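Computed from the coordinates by the stated procedures, all read-outs in this text should not be read as laboratory data. Because the structure is predicted, anything quoted here is derived from the model rather than measured. Cβ sites come from the backbone with ideal geometry, for glycine too, and all protein chains shown count toward neighbours.
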Amino acid sequence: MTTYDFTLKLAVPGDLDVETLETRLFEAGCDDALIGVGLKGRLALEFFREAVSAHEAITSAMGDAKCAIPQARLIEVGPDLVGVTDIAERLDFTRQNMRKLLQSHLATFPLPLHEGRASLWHLAEVLDWFQVHQRRKIDAALREVAQVSMQANVARENRRVAVEQLNHFDDALVS
């Protein structure tokens, strides 16, 4: 068994108070999560879950959270999307050194998901690049959880886009 560290960000009903959320989550098996509430209707659960795989850890946490708060909707699983500063912090670089490394390896560094003033990458792809191109030892649990987080986020986004496309086609048929 390995302990996996990951975060689930959820949209929850705004009328649920923190005490109710905590009680429901604890009773549903999320006693291995730190609960963060900020914006009304948003919840972050940082899990430290033991499991045989990152996939099992994340999917069981998602199921437990859904059982506790059936109306909850997944926003994001992390760690996944990272910027230059995030990458530098995870790999013990300065931000400036990370920028230089990125600029000197543009041909092989993973393409960003978004490029601009604040570019974003999938952490799993960045970790793979460091392991292959920089021969850097990457924590296996972090690499595995980043891969599963990316897959969960891409699957969620694919479902969202597919539903929007279906709705658009339904509207076109009715018109």
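At a glance:
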| read-out | value |
| --- | --- |
| Matching residues, region 113-133, being surrounded by 12 or more Cβ atoms within 10 Å (Cβ to Cβ) and either touching a helix residue (DSSP H, G or I) at 6+ places or on another chain (Cβ under 7 Å) or not in a helix (DSSP H, G or I) (or both) | Leu113, Ser119, Leu120, Trp121, His122, Leu123, Ala124, Val126, Leu127 |
| Count of region 30-51 residues which are of a type in the set (Lys, Arg), without any contact (Cβ under 8 Å) to a residue 40 or more places away in the chain and crowded, with 17+ Cβ neighbours inside 10 Å | 0 |
| Contacts under 6 angstrom Cβ, first residue in region 104-123 being touching a residue at least 40 places away in the same chain (Cβ under 8 Å), partner polar (S, T, N, Q), 6 or more apart | none |
